[in-house]
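Worksheet: one structure, shown below.
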Amino acid sequence: MANTWWELQILCEPALEDSVFWRLEDFGSRGTASESQGNSCLVKAYLPRFQAQLLDLAALSLWLRQDALCVGLSAPTVQWQLIDEEDWATSWKQYWQPQEIGDRFLINPAWLPLPEGSERLVIRLDPGVAFGTGTHATTQLCLESLEMRLSELAQSFIGTSGKHEPLVIADIGCGSGILSVGAVLLGAEKVYAVDTDPLAVQSTFSNRALNEISPERLIPAEGSVDIVAKLIEKPVDGIVCNILAHVIIELVPQMSAIAKPSTWAIFSGILLEQSKAVADALEENGWVVATLWKRKEWCCLNARRS
């Protein structure tokens, strides 16, 4: 039973979907999918059996019920069962289709053929058990922010040689590597992608190969900002960080230490009500929040060094 997974099925009101996704991510879910069922939303989530006991699942069910009652919605119905790894690996993929994000990206599941005639930058992706399929609002906000940021730099950041100066980026909490791959496709010279979850790092290696990116341009490693600090030769030009708000706040001083006066950063994984606390932590460490983009309950902060 070592390779068995919990499959959670949560039937809720559509207005509660984002809150359920956030709660599942915080709980440690390795993959989520949702579908409409009449006037309700069915969210499925998966996590390894060793990661949660029955009492943990019961506590999660209680949290979801409290979340609903706090915003005046009916309590969701929560069910769970054990499935084997093969069933897990195929069950959620049926819900995931190619998706256009921003003006330039197309996320294409690795098991589907590449679209013909598309002029978009195609990110082939098999996230495995890592976070980051492109369906979550925070991932979309980060990709759109990267697109805007790197498009601006492509027009203005020209060296005396007439060529683009090499752009080095740190992806903190890389998950599936989707943001790292996107940054390389947009022209970044090198991306250091780190995650404390070894399965996420493994997924980033796999997606680097899927997108035929050279090992010199995308460097995955297990760990956090401290590992990036050891790998880089000089401060980075940009930082992308799509993790939970309280973790961002904890890491701001370390991220500031690998930045230079011109460094920009994209922070997400932040609920709207958490944005002030994150912005305050950034400003206390010498960052200026230039814009706040929001989608549903989530937001993305685009910042630069002051």
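Loop-only chymotrypsin sites (Phe, Trp or Tyr not before Pro) in segment 14-49, please: DSSP not H, G, I, E or B, and at most 10 other Cβ atoms within 10 Å.
Passing both the DSSP loop test and the Cβ count: no residue.
Rounding to the nearest 20 debye, state how big the charge dipole of segment 200-306 is about its Cα centre with +1 on each Lys and Arg Cβ and -1 on each Asp and Glu Cβ. Mind dumping the intermediate values first?
Working: 11 positive and 12 negative charges, 60 e Å.
Around 280 debye, computed over segment 200-306.
Given R₀ = 41 Å, what would the calculated FRET efficiency be for Gln66 paired with Phe205, taking r from the Cβ atoms and rounding to 0.05?
Using R0 = 41 Å, I get an efficiency of 0.60.
Please sort 101-108, 280-287, 64-71 by packing, taking for each peptide the average over its residues of neighbouring beta carbons within 10 angstrom, highest first.
Ranking the peptides 101-108, 280-287, 64-71 by packing returns 101-108, 280-287, 64-71.
Got a number for the accessible area of Val288? Probe 1.4 Å, square angstrom, nearest 10.
The accessible area of Val288 comes to roughly 50 Å².
Around Ala200, what is the net charge, scoring Lys/Arg as +1 and Asp/Glu as -1 over all other residues with Cβ under 14 Å from its Cβ?
-4
Checking the table Lys190/Lys294; Lys44/Lys296; Lys44/Lys294; Lys234/Lys294 against a 30 Å threshold on Cα-Cα, which pairs fail?
Lys234/Lys294
Can you list which of the trypsin sites (Lys or Arg not before Pro) found in segment 22-53 are DSSP loop residues with at most 11 other C-beta atoms within 10 Å?
Numbers: sites: Arg23, Arg30, Lys44, Arg49; in loops: Arg30.
Listed in order of number, the matching sites amount to none.
Calculate the spin-label point distance for Gln79 paired with Asp26, positioning each point 7 Å from the Cα along the beta-carbon direction, and give it in nanometres.
2.6 nm
Grab the other residues whose beta carbon is less than 14 angstrom from that of Val278, score K and R as +1, D and E as -1, and report the net. List each step's numbers first, then the result.
Working: positive: Lys276, Lys294; negative: Glu250, Glu273, Asp280, Glu283, Glu284.
Local net charge: -3.
Using a 10 Å cut-off on Cβ atoms, rank the peptides 239-246, 181-188 from the highest mean neighbour count down. Each step should come with its number before you reach the end.
Details: 239-246: 21.8, 181-188: 23.2.
Ranking the peptides 239-246, 181-188 by packing returns 181-188, 239-246.
For a label point 7 Å from the Cα of Lys296 along Cα→C-beta, name the residues of segment 172-193 whose backbone N is under 15 Å from it.
Correct set: none at all.
Just how large is the dipole of segment 97-305 about the Cα centre, in debye to the nearest 20, putting +1 at every Lys and Arg Cβ and -1 at every Asp and Glu Cβ?
260 debye
Summarise the accessible area of the chain (1.4 Å probe, protein heavy atoms) by the percent that is carbon and sulfur.
Whole-percent figure for carbon plus sulfur exposure: 50.
Leu114 to Glu233: FRET efficiency via 1/(1 + (r/R0)^6), r the Cβ-Cβ distance, R0 35 Å, to the nearest 0.05? It would help to have the intermediate numbers written out before the result.
Numbers: r = 36 Å, r/R0 = 1.02.
Efficiency at R0 = 35 Å is approximately 0.50.
Using only Cα positions of segment 180-306, each an equal point scatterer, no hydration layer, compute I(q)/I(0) via Debye at q = 0.11, 0.19 Å⁻¹ and quote the log10 values to two decimals.
-0.38, -1.12
Which one, [x] 1.00; [y] 1.15; [z] 1.57, gives Cα Rg over 2.2 N^0.38 Å as derived from the coordinates shown?
Among [x] 1.00; [y] 1.15; [z] 1.57, the one derived from this structure is [x].
The values are calculated or read from the model by the stated rules, or taken from the named source; none is laboratory data. These figures come from a predicted structure and were not determined experimentally. Cβ atoms come from the backbone with ideal geometry, glycine included; neighbour counts cover every protein chain shown. Note: accessible area is taken over every heavy atom of the protein model, side chains too, but ligands, DNA and RNA are not part of it. Shrake-Rupley method; radii C 1.70, N 1.55, O 1.52, S 1.80 Å.
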